1. Given the criterion open to solvent by 80 Å² or more (accessible area, probe 1.4 Å), touching a Leu at 6+ places or on another chain (Cβ under 9 Å) and either assigned to a strand (DSSP E or B) or at pLDDT below 85 (or both), identify the matching residue among I151, I192.
2. Report, by residue number, each residue of region 172-184 that is open to solvent by 10 Å² or more (accessible area, probe 1.4 Å) and either at pLDDT 95 or above or part of a loop (DSSP other than H, G, I, E, B) (or both).
3. Test D88 against the stated conditions and say whether it is loosely packed, with under 15 Cβ neighbours inside 10 Å and within 23 Å of G35 (Cβ to Cβ).
4. Name every residue in region 94-113 that is of a type outside the set (V, I, T), farther than 19 Å from F188 by Cβ and touching a Gly at 6+ places or on another chain (Cβ under 9 Å), in order of residue number.
5. May I ask you to list the residues in region 44-67 that are of a type in the set (S, T, N, Q) and open to solvent by 40 Å² or more (accessible area, probe 1.4 Å)?
6. Restricting region 91-134 to residues that are modelled with pLDDT of 90 or more and of a type in the set (S, T, Y), which is surrounded by the most Cβ atoms within 10 Å (Cβ to Cβ)?
Amino acid sequence: MKQQLLAFGSLLLCITCSIDTQAQQTPAFHIGVKGGTNFTKTSTESSLEGKYGFGYQAGIMTRMDIGSLYVQGEALFNKRKTSYEAKDGTSAKLTWNAIDIPVVVGYKLIKKDDVNLRVFAGGVYSYAFNNNLSAPQAFQEGFKKFDKSNIGLTGGVGVDYKNFTVDLRYETGLSSISKEFKSKPHSFSLGIGYFLF
């Protein structure tokens, strides 16, 4: 009887220690908020030359840690701006809003309690709306077929410090935002986020 009580007590002690240890560990699933800037231009197959424009982004993010690997998904509102210049000297400015949903897989090159150095790559789906082109009529005609749905590739590097995270990434479009000019977006973005847990 004493041996059974001792075994039962040992089992309870082990369970209690295990629960306490798990409670002190960082959860594998994280949710946070993110904001930042983007620099966007669109390549064209016409005589237009695209130039980078300054925009901004804000949204939410989630991350699932699997050891040194992780999967991160985001839902971001982006305000994008770019400009064009033709050989004849005429110019145009294009702005549009987009909901971007990037999903990336990353690897922590340096993984410590408070600091991580990461690399990542993945895909992004973008839904564009409220496009506005300030340009002569010739430009206006070409952008009437502004495509709302686009897919692209993204990749970059990031640093985590405690609950704060910073990402520098490059994104390139695989599909055109304008069927007339065959314009594919390219952008650099700098994002700063904070994981709530």
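1. Being open to solvent by 80 Å² or more (accessible area, probe 1.4 Å), touching a Leu at 6+ places or on another chain (Cβ under 9 Å) and either assigned to a strand (DSSP E or B) or at pLDDT below 85 (or both) holds for just one of I151, I192, which is I151.
2. L174, S175, S176, K179, E180, F181, K182 - these are the residues of region 172-184 that are open to solvent by 10 Å² or more (accessible area, probe 1.4 Å) and either at pLDDT 95 or above or part of a loop (DSSP other than H, G, I, E, B) (or both).
3. So D88 does not fit the description; no.
4. K108, K111
5. S46, S47, T62
6. Of everything passing the filter in region 91-134, S126 is surrounded by the most Cβ atoms within 10 Å (Cβ to Cβ).
Okay, residues lined up against (1) among the charged types (D, E, K, R); (2) outside any strand (DSSP E or B); (3) touching an Asp or Glu at 6+ places or on another chain (Cβ under 6 Å); (4) farther than 15 Å from I177 by Cα:
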{"position": "T42", "(1), (2), (3), (4)": "no, no, no, no"}
{"position": "I60", "(1), (2), (3), (4)": "no, no, no, yes"}
{"position": "R63", "(1), (2), (3), (4)": "yes, no, no, yes"}
{"position": "E74", "(1), (2), (3), (4)": "yes, no, no, yes"}
{"position": "R80", "(1), (2), (3), (4)": "yes, no, no, no"}
{"position": "A98", "(1), (2), (3), (4)": "no, no, no, no"}
{"position": "V104", "(1), (2), (3), (4)": "no, no, no, yes"}
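The values are calculated or read from the model by the stated rules, or taken from the named source; none is laboratory data. In this text the structure is predicted, and so the values were computed from the model without any measurement. Glycine also receives a Cβ, built like all others from the backbone with ideal geometry; neighbour counts cover every protein chain displayed. For accessibility, only protein heavy atoms count, side chains too; no ligands or nucleic acids. Shrake-Rupley method; radii C 1.70, N 1.55, O 1.52, S 1.80 Å.
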